[in-house]
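The values are calculated or read from the model by the stated rules, or taken from the named source; none is laboratory data. Note that the coordinates shown come from a computational prediction; the quantities given were computed from them, not determined experimentally. FYI the Cβ positions are ideal-geometry reconstructions off the backbone, even for glycines, and counts take in every protein chain you see. Calculation scope for accessible area: heavy atoms of the full protein, side chains included, ligands and nucleic acids excluded. Shrake-Rupley method; radii C 1.70, N 1.55, O 1.52, S 1.80 Å.
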Amino acid sequence: MSHSKPKRIILDTDPGIDDALAILLALASPEVQLEAVTVTSGNCPMDQGVINALSVLELAGAGHVPVAAGVPVPLIQPLLIAAETHGTTGLGYAKLPPPQQRPTDQHAVDLLIERIMAAPGEITLVAVAPLTNIAMAIRREPRIIQAVHEVIIMGGALLFQGNTTPVAEFNTYVDPHAAYMVYHSGMPMTLVPLDVTYQCIFRQADVDRLLKIDSPITRFIADSTKFYMEFHDEYQDIEGCVINDPVALALAFMPDLVETRRLHITVDIHSEVSLGNTIGDFYKAWQKPPNMQAALKVQPRRFLDLFVERMEQLALHQN
Ligand code: RIB
Ligand code: CA
């Protein structure tokens, strides 16, 4: 068992039910050290997302992890909020105590730049929200492109249908211009699209297994995902809920969960009907160099077992 030092990560979020599960998975995984949580709007308005991030961290006894508010609206698009998917609080039916901690005074863009530039090659950025904060950080300090260790992005739909328009995935659709800037920035990126996350369905049986442990954490997971499951049933006829964000987080310490392929990928920022569509040039028609790794296959059961086992451990250690 290699005892390499934990991978230092910053999680950029729009918390959001599956964002909250990604925060909990990071806290439950000794292979990673969650250095900070940055927030933008998406699943809920940013100010609510900041409260949610603080509350979820405290739920797991990690109130020491700094939370930073970022850019609250997309670069160009009007703000789109997914209240139907994550509920009015952004955490479904879950009710958490108001957080004791306050967010850091530092802006998320400045925190990202400061942390990445202070430790070149050390910081892994896991981006599970619209990419507005990351795009602004690149423009403010382009040197982070070389200094960041890796960027794992939950976003896009390559050979899979969109979840927000017929072709566009939510994070990419909310801020397609930010996604375009990040995708073409030259950062070392791995994209985790709906192609793989829609194979990772968290089901009632998983909730029932977790509820065997009486804990605020298991109750939070049950209450938040209950709303999320109702959304997936009503809008997408799926039994269970797609927990996109923890899949991306898991790649920070278990990259062999997926099979990736280097591709040239871009985002449609020009057309009306396919705005936010992520396009992978599988046959190299455009003769452009690949700009990222894209995860195209995943081991769903291995991921879900990992997630549930680590949530059990987190809940048991918390008691
Ligand atoms: O399309 C799924 C993504 O959009 C997830 O990150 C979810 O939390 C929302 O942000
Ligand atoms: Ca998210």
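Order HIS177, HIS270, HIS107 by their accessible area, 1.4 angstrom probe, all chains in place, largest first.
Details: HIS177 30, HIS270 160, HIS107 75 Å².
Correct descending sequence by accessible area is HIS270, HIS107, HIS177.
Compute the distance in nm between two label points, each set 7 Å from the Cα along the Cα-to-Cβ direction, one at PHE282 and one at MET254.
2.7 nm
Working from the pairwise distances between different alpha carbons, so that the mean of 1/r is found and then inverted, what is region 123-187's Kirkwood radius in Å?
Across region 123-187, the inverse of the average 1/r is 12.1 Å.
How much accessible surface does SER215 have with a 1.4 Å probe, in Å² rounded to 10?
In the full protein context, SER215 sits at about 0 Å².
Counting only other residues whose beta carbon sits under 12 Å from that of PRO72, what net charge do I get with K and R as +1, D and E as -1? Let's see the in-between values first.
Values: positive: none; negative: ASP14, ASP47, ASP175.
Net of charged neighbours comes to -3.
I'm checking a number: the convex hull volume of the Cα atoms of region 232-319, normalised per residue, in Å³. What is it? Present the calculation step by step, with values, prior to reporting the outcome.
Details: hull volume 14.5 nm³, N = 88.
Expressed per residue, the convex hull around the Cα atoms of region 232-319 is 165 Å³.
Straight distance only, please: which aspartates and glutamates reach the Cα of LYS5 with their own Cα at less than 13 Å, same-chain residues fewer than 8 apart left out?
GLU31, GLU122
At 222 nm, what value in deg cm²/dmol follows for the chain if DSSP H runs of at least 4 each add -39500 (n - 2.57) and the sum is divided by all its residues, to the nearest 500?
Details: 13 runs with 124 residues, N = 319.
Counting only the DSSP helices, I get -11000 deg cm²/dmol.
Counting Lys +1, Arg +1, Asp -1, Glu -1, what net charge surrounds PRO98 among other residues with beta carbon under 14 Å of its beta carbon? Kindly include the intermediate steps, with their values, before the conclusion.
Working: positive: LYS95, ARG102; negative: ASP47, GLU58.
Cβ neighbours under 14 Å give a net charge of 0.
Can you pull the accessible area of GLU312 for me, 1.4 Å probe, Å² to the nearest 10?
30 Å²
Given a Förster distance of 45 angstrom, what is the FRET efficiency for ARG262 paired with GLN33, based on the Cβ-Cβ distance and rounded to 0.05?
Numbers: r = 28 Å, r/R0 = 0.62.
Efficiency computed from Cβ-Cβ geometry: 0.95.
Rolling a 1.4 angstrom probe over the protein chains, ignoring ligands and nucleic acids, what is the accessible area of PHE227 in square angstrom, nearest 10?
That residue has around 40 Å² of solvent-accessible surface.
Report, to the nearest whole %, how much of the accessible area of the chain belongs to carbon and sulfur atoms, 1.4 Å probe, protein only. Write down the numbers at each step before the final one.
Numbers: 7110 of 13240 Å².
In the chain, the share of accessible area belonging to carbon and sulfur is 54 percent.
Just to be sure I understand the model, the point goes 7 Å from the Cα along the line to the Cβ. What's the resulting VAL73 to ALA119 distance in nm?
The modelled label-to-label distance comes out at 3.5 nm.
Rounded to a whole number of µm²/s, how large is the Stokes-Einstein D of the chain at 10 °C and 1.306 mPa s, given Rh as the Kirkwood radius over C-alpha pairs?
Numbers: Rh = 19.2 Å.
It comes out at roughly 83 µm²/s.
Which lysines, on any chain, are close to LYS284 with Cα under 27 Å apart, when same-chain ones fewer than 8 places away are left out?
Cross-link targets: LYS297.
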